[in-house]
Each structure stands twice: as C-alpha cells, then as structure tokens.
Amino acid sequence: MRKKSNYGKLIALTAFVLFTLLFTYSSLNLRNTDYGYEKQRLKNKKKELRETIDLLSAKKAILLELGRVERIVVQKLGYDYPEKGQIIKVYGE
Amino acid sequence: MKINRGERRRVIIVFFSFLAWVILILGVLVKLQVFNYGKYTQKIRTQSNRIFSLHPKRGTIYDRHGDILAISVLSKSAFISNKEKGESGKLYGKIVKKISLSYKDRLDIRKRISAGKHFIWIKRKLSEKEFASIEKINVEGFSSRVGFVDEYKRIYPQKKVASHILGGVGIDEQGLSGIEFSLDSVIKGKGGKVDAQLDARSQIFSLEYLESEIPGKNLHLTIDLPIQYFVEKKLEEVVKKYNAKGGSVIVMNSRDGSLLAMASYPGYDPSNIRYTKQSTLRNNALSFLYYPGSTFKVILASSALESKICNVNYKFNCYNGEYSMNDLKIHDVHPYNTLSFKDIIVYSSNIGAAQIGMKLGDKKYYSYIKKFGFGNELSIRLPAAEKGIVNPLKRWNMYSSAYIAHGYEIYVSPVQMIRAMNVIASGGYLVEPKILKSIDKVLFRNKRPKRIISGNTCSSVSDIMVEVVDVGTGKKAALSDLKIAGKTGTAKKYKMGKFRKLYVSSFGGFFPVDDPEITIFIVIDEPKGLFYGGDVAAPLFKEISKRVIMSQNIGSEDQKLPGVRI
C-alpha cells in the first residue's frame, strides 16, 4: 500500500514540475512577443523621428531660402543694399 | 476473465480500425510534413509573413557650409482602389476639386477608371496641404476607396539656385540631370527586403532583414551658397540688361580648383525638371561652345613666352588696324602702328596676336593648346561637360595659328577657359575644377595638378593681365583696393556659314595678384547694344569680386588689418 502512495506522489510531482515548466515557457514566449512588438514600435518611432528631423530641416531651409530672405528684408522691412565703404570686414587672427 | 470468440473478433476489428485510423493520420501527416512541406510552408508564410521592399532614402546634398541644397522627405501618394466604377468616379470627382492635376492627367485617370483598372494613381507626392484636403475623403459603404502610400519626395529648398549643378530627379527619384544624374549610383543607395511576421490582426511583431537597405550617401559640394545666389542674381540682371540670349559665370578657388559658384542663365526649378525645356537644362558653363576671342590671347602669350620666341618688349608691326595676306584679313578695333608684345595683349590687338601666333609656329602652338587642356576631357563630376573642338594639327592651314591666336578656329567652353586661365593664377599648374567636396565624410581630392608652364612665364603674363585691367580693355573690372589680373574677350558668332553681327562677350581674371586665391570667368551670349567684353562682362566681374572678397579672407596683409572697407 505504501509503495503505491509513493508512486502517486511521484506522478503528482512530475505533473507539477511539467506544468510549471510549461507555464514558464508560455509566459516567457508571450513576453518575447511583447518585446517584439515593443522593439518594432521603438524602431518605427526612431524612423519617424528621423523623418521628422529631415522634414523640419527641409522646412527650415525653405524658410531660409536666400531669395525669400532678401525679399523680406528689402520689401517688407525696407532695408537697402549697402553703399560702397559701408561694409567693414574685420579679419581675425 | 475469459472472452469468447465473438468478443475477440470484435476487439480485433476495433484494434485494426484504430490502427488503420492511426496509419491514415500518419500518412496524411507524412504527406503534409514531408512531401508537401515546401508548398505548405510557403502557404503559411504568405499568411503570417509578408515580404516588403524597402526603398532607400536618397542622400542629401549640401553646400560647402552644410546648407541643404537637396533633401528627400516622406510624402503621401494617393491612389484609388477601383472596385466599382461608379463609386470610383464619385470619389475622383470629389478629389479633383481639391488637388491640382494637369488636363492630361485628369483625362488619363478617367480613362483608367472606365477601363476598370484596379489600382489607379491619382497623384504622387502630394503637398502637405493637398494631403490634408483629401485625407478623409472616403465614403462609408463604398467598396472603392482612396488609399495613400508613403513615398520620398525630393525637395530643393533654394529653388532655382544652383539648378544646373544639382540637376533634378524623376518621379521615381532617379537622377535626370546635373550631379543628381552623374552621381546617381552614390546618392540613391540600395533597396532592401524585409520579411515581416504578422499576427492574427496583421500587425507586425517581428522583422527579419533579408537584404539590408543601404541609404544613399550624402554629398557635400564645394559650392558656396551665398556666393552662388549672388552670382546667379547678378548674371540674370546683366543678361536682362543687355537683352542677351544667355550667359554663365564660374567662380573658382585658384589653388585647389574648388568651384565656389557655377551659374548658368536661364535657370530652372529642379522640382519641375520634368516640365523644363531641354535647352534650359543645358549648363552653359560646361556645354556652351564658343569662339573664345581675345581671352585666348592669354594662352597665346603664355605659350610664346614659355617657348622664348620673344620677350614682353618685342615690337610687332600692327599695320594701322588692317592686315591682309592672301586670304587672311584681320582687323583691330583701334588702329595701332607698332605695339610691344605686352601692349598687344593689354590693348587686345588681333593683328599683333596673329603675328605672335605665326611666329610661334603651328606645332608648338598646338602642343601648348593641348597642354592647357583644350580638346581634352574634364574630370569634373558633372554630365555634359564638353571637351571643345580643337582641329588636329594635320587639319591646320597656313592661317590657323593666326586665327587661333586671337580666339577663332577653336571652340571652347567656359569651364575650359577658367581652367586654362587659372594656370597663370596657380603659378603654372593645370588645376582641375572640382564640384565635389566630400561623399559622406570622406573628402574628395583631385589628382595632383601637372605643371605645364614655368612660374616666371606666369608672373610675366600675370603682370600683363594686371595692365589689361589698369589701363587696357578691362578697366571696368578694376577694384580700388585690390589688384586684379584679367583679360577681355569679344568674338563674333559663326552661324549658317558666315560670321554674323552676334557676339559672345567674356572676361576672365583672378585676384589677389600677389597670391591668387580666386579665379572668375564670365561669358555673356549675344548681348545687344554694348557687346564688348570690357563693357558687358568686366563690370559683372567687378561686382562678383567685391562679393567674394566680402565672404573670403582675401586681400594683402596691410589691407587685412585691422579691417577693410568694401
């Protein structure tokens, strides 16, 4: 009778260990999938930010277009072109 | 427990039934897993995996200071998924009111909808405003719908500035002209492929790169954007003032050949390159071939002095402005009796130059013309750089050296002329003009320049060129604070078999004379009214020189401290 009871316990223990292993494996697997999503999300975000930087650089360059700046300075702000001798260039060391 | 025969039979039947069932399952499994493995793997891959092509981002083009000249940014392209013609027509009718489309495009789209094509581009690379106006145009319940795809769009923030250098790209970002074309393989990068794993909701949760995407490399040009802008503006003013056909200006660093500006008129907006006339796309600085006229006397003087056939004081008879020998007839604008070698260049006497040419002899003269790079390819990284036309020696007649001496019977391009004139500025070296400063961060260097004439010859020719500006034909290029060396040129155009009263005016020079840093060459095609190089091109040289001095540390030592008024 005693032998039979030990055998039962062994089966129960094995089942418990197997179940725990299976559970851990599944949860790890699920977590890996989550990491996959997260990694992909961050990669996309990085790419988006890079694109935004480029877009903003392009917009900045468009705003600083020399023809536009000249038109604003002369026509809107009323500045005039410098006369001869009005520009003094100081040379550094 | 005993079982009878009938029961045993039933057990055997059940056992074999199960066995057959298991064998059947095993057989099906073997069929699925072994024989049809490839087929079903492929099938499952198409359900849960998707291969995407990655379009590489085209490299950015910067000027020498890092200002953006061309950049690619993401934009939306609109299409119609045409499932039902009537619905697609209604959707398209709503879209067409909100975005600009050419008549041809509108007609084409209508035709495609009627033809029942499933995928129809509406407009590629929409502006932000256009996208915002049609973003939510889909109608609930319609099976046809408007979709959007991300595509890179090339932007040229400086619009027309440096258009001929940059060129432009087509709708699929392929280089069509300029540096976008010549360095297309470097800028465009390489497309990649990615295997995306999708979940049940078709969301990507893992990516496997099959081929890595390689973005295009960034280019840094030698162009100085503010100088380029100024040069283009002034060139346009001069071309309009003299009602000229076109023109070009090149500003070059005399020492390393870096081009600070290369302008060609008329210009165009690179964003609209597909709608630009072929003739406008031509970069006059590289591909306009013309008779150089008197600017070629610089090459003549250098060749003659280097060959030691005479010195600068050697006197020549200039026949009071009219010289004829058999079929050879040459005139001077102002008649001179006798002129020294130096004054022939200073006052630009064609008769004197013709005699120097004949004295030099065909063989020697031809060899120097070739040494100065005429008729040879340029190593500049831009397309359509003409090598000019220099007749081979065997095709020269007895007057060729006389004609070539004052800039006829030879076709040159402005960039060839600046390269040749820069030989004097650089102390005898043939420095190749370069437009490319670096690719990504790797500096681009020209080959070591070859010396073609001696420093002494250069110094003598330079002195003569200074006199051209001080007292000769190039007075309008003179600056009050800085010595300029230059040479004017005016040549008649040869059209339909004879010389016409159409001119090409030019001026080339460099400064500061003691240690040249900047070489400039200007060509104005067919100016009306005034047409002499000294009247049309020389004043433009002066304007540009002042601007270049303002942005570069140029000037003699005593002028540099403490400051110089410009």
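The values are calculated or read from the model by the stated rules, or taken from the named source; none is laboratory data. Small disclaimer: the values here were computed from a predicted structure and weren't measured. Note that each Cβ is placed from the backbone with ideal geometry, even for glycine, and that neighbours are counted across all protein chains shown.
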In region B:236-273, the residues that are within 21 Å of B:GLU526 (Cα to Cα), at pLDDT 95 or above and within 14 Å of another protein chain (Cβ to nearest Cβ): B:GLU236, B:GLU237, B:ALA263
Which residues, taken from region B:177-211, are within 14 Å of chain A (Cβ to nearest Cβ), in contact with a strand residue (DSSP E or B) (Cβ under 8 Å, 6 or more places away or on another chain) and of a type outside the set (Phe, Trp, Tyr)? B:GLY192, B:VAL194, B:ASP195, B:ALA196, B:GLN197, B:LEU198, B:ASP199, B:ILE204, B:SER206, B:LEU207, B:GLU208
Residue tally, condition assigned to a helix (DSSP H, G or I), over 21 Å from the mean Cα position of the chain (by Cα) and in contact (Cβ under 8 Å) with a residue 24 or more places away in the chain, over region B:386-419: 7
What pairs can you find where one residue is in region B:471-484 and under 15 Å from B:TYR347 (Cα atoms), the other is part of a loop (DSSP other than H, G, I, E, B) and of a type in the set (S, T, N, Q), and their Cβ atoms are less than 6 Å apart, with a gap of 6+ or different chains? B:THR473/B:SER348
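Condition check ((1) more than 24 Å from B:ASP535 (Cβ to Cβ); (2) crowded, with 23+ Cβ neighbours inside 10 Å) across all residues:
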position: B:LYS217; (1), (2): yes, no
position: B:LEU221; (1), (2): yes, yes
position: B:GLU236; (1), (2): no, no
position: B:VAL239; (1), (2): no, no
position: B:ILE250; (1), (2): no, yes
position: B:SER254; (1), (2): yes, yes
Can you tell me which residues in region B:484-521 are surrounded by fewer than 24 Cβ atoms within 10 Å (Cβ to Cβ), among the charged types (D, E, K, R) and over 18 Å from B:ARG255 (Cβ atoms)? B:LYS492, B:LYS493, B:LYS495, B:LYS498, B:ARG500, B:LYS501
List pairs: first residue in region B:183-200 and more than 13 Å from A:TYR37 (Cβ to Cβ), second residue exposed (fewer than 14 other Cβ atoms within 10 Å of the Cβ) and charged (D, E, K, R) anywhere in the structure, Cβ distance under 6 angstrom, at least six positions apart or on different chains. B:GLY192/B:GLU211; B:LYS193/B:GLU211; B:ASP195/B:GLU208
Every residue from region B:122-141 that is over 11 Å from B:LYS76 (Cβ atoms) and either out of contact with any helix residue (DSSP H, G or I) (no Cβ under 8 Å at 6 or more places or on another chain) or buried (at least 16 other Cβ atoms within 10 Å of the Cβ) (or both): B:LYS129, B:SER133, B:LYS136, B:GLU140, B:GLY141
Specify which of the listed residues (B:LYS329, B:LYS363) is loosely packed, with under 14 Cβ neighbours inside 10 Å, part of a helix (DSSP H, G or I) and not small (Gly, Ala, Ser). B:LYS363
State yes or no: is B:ASP150 over 30 Å from B:GLY267 (Cα atoms), acidic (Asp, Glu) and within 13 Å of chain A (Cβ to nearest Cβ)? yes
All positions within region B:83-100 that are in a loop (DSSP other than H, G, I, E, B) and either buried (at least 16 other Cβ atoms within 10 Å of the Cβ) or modelled with pLDDT of 90 or more (or both): B:ILE99
When you go through A:LEU49, A:LEU42, A:LEU66 one by one, which is the residue that is modelled with pLDDT of 90 or more and in contact with a helix residue (DSSP H, G or I) (Cβ under 9 Å, 6 or more places away or on another chain)? A:LEU66
From the list B:ALA162, B:ALA196, pick out the single residue that is more than 18 Å from B:GLN228 (Cβ to Cβ), among the aliphatic types (A, V, I, L, M) and crowded, with 16+ Cβ neighbours inside 10 Å. B:ALA196
Might you check whether a residue that is loosely packed, with under 13 Cβ neighbours inside 10 Å and within 14 Å of chain A (Cβ to nearest Cβ) occurs anywhere in region B:68-76? no
